[in-house]
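A short write-up of the structure that comes next.
Laboratory data are not the source of any read-out in this text; all were calculated from the coordinates shown. Quick caveat: nothing in here was measured; it's all calculated off a predicted structure. Here the Cβ positions follow ideal geometry from the backbone for every residue, glycine too, while neighbour counts run over all protein chains shown.
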Amino acid sequence: MCEFSSKLIAWLDHELPDADAAAMGHHVAACLECREQADAFRGVSRAFAVYARAVPLRAARSPRRWLLVPAAVAAAVLAVFLLWPRRLSIIQPEVQRRAAATPTAISTAVPRKAAVTIASVRHARAPKRIQKQVSAWQTAEPTIQVIIPADALFPPGAFPEGVGFVADLRLAADGSAGGLVVRP
Amino acid sequence: MSGDSVPFTLSASAFSSDSTEATKLFEELRKPLLRYLVCLGLSPDEAQDIAQDAFLSLHRHITSGNAQENIRSWLFRVAHNQARNRQTSYDRRFATPFDASRDEMLDHRTPERELLNKEKFRQLRTAVRSLTEAERECLLLRAEGLRYREIGEVLGMATSTVADSVDRAIRKLAEKCNV
């Protein structure tokens, strides 16, 4: 082995005193063995630097999961507002008429119920109660069904995996929007 | 020695008000410090905690009138010692803390990882495992751009010991993998 080899790495790291560094430079220019070694040491130093940099500096979280929450809420709010005027004008008279005829009055307007339904998906039992009320006057098959995964509405862990909500939008015989049911 | 000027010197004036000098220093050193701590085997969250504490200590240290010659090695030393204190319990959980983060990285596709193919990465990992703790720490600090003298200050070693450790470590890696 070349006698200069022992100082090769310190030389590559610019850690030798100036006089030694100069002598080393002259030697390496002339010595094939040292040049080859220097190349190998440079290569391995670079590889180690890449290796050391390939570490996660933030805890692993999926950003998309969190984006789903505001996106789903925005979609739900948009759906309610898009349906609101039409149901107000067409459904309300019929609901009020039925409310007058039955003692279990659904006196509040349907749209308001629908809004409450969306807001109260947090309470597991709320959708059932509303479904019962709605089914009293609405038997048609759901025309539009929207499936909302629970983890899109709530932070991870709030619901067991795979649990979701189904929003059924029913249309009455006259083509008006009958009701919105959200069930687990 | 090459006679480079000492980097990262700072006086109390840098921290006197919302100094841009202190901000610049924080931005320059934050990532290298975090990387070093994670490589020591801490979780990213723990590393963030320790790095933040180290910067706060630095701030207190400087503003209380202690001029600091080399901020970089001071900061790394404080963080290194805190990491070591935490790791006394960690060492029981992970036999090789340094490699714990590495295994996760095999599944992460980062631009850096692309540069080393999987086989070379594994080779290097095996070689890194064969290093002593001191050799590994010397190489990690060296990879973050610290001079031998600074590494000595961080790890509490003589500069000549650092030079020997780096020399031995690089030769071991070169011998065990063709990168």
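Does segment A:3-53 classify as rounded, prolate or oblate by the C-alpha gyration tensor (a ≥ b ≥ c root eigenvalues; a/c under 1.5 gives rounded; else a/b over b/c gives prolate, otherwise oblate)? In terms of gyration-tensor shape, oblate.
Structure note, pairs A:Lys7/B:Lys172; B:Lys120/B:Lys172; A:Lys7/B:Lys24; A:Lys7/B:Lys31: Cα-Cα distances above 26 angstrom occur for A:Lys7/B:Lys24; A:Lys7/B:Lys31. Amide H contacts for A:Val166 (H built 1.01 Å from N in the peptide plane; partners 5 or more residues away or on another chain; cut-off under 5 Å): A:Ile148, A:Arg183. Across segment B:41-47, coupling constants 3J(HN,Hα) worked out from phi with the 6.51/-1.76/1.60 Karplus curve, θ = phi - 60°, read x, 7, 6, x, 5, 5, 4 Hz, and Gly and Pro carry x. For peptide A:36-49, the mean count of partner chain Cβ atoms within 10 Å of a residue's Cβ comes to 6.
When each of the peptides B:145-154, A:18-27, A:2-11 is scored by the mean number of other C-beta atoms lying within 10 Å of its residues, the order from highest to lowest reads B:145-154, A:2-11, A:18-27. Counting, for every residue in B:168-176, the Cβ atoms of other protein chains within 10 Å of its Cβ and taking the mean gives 5.
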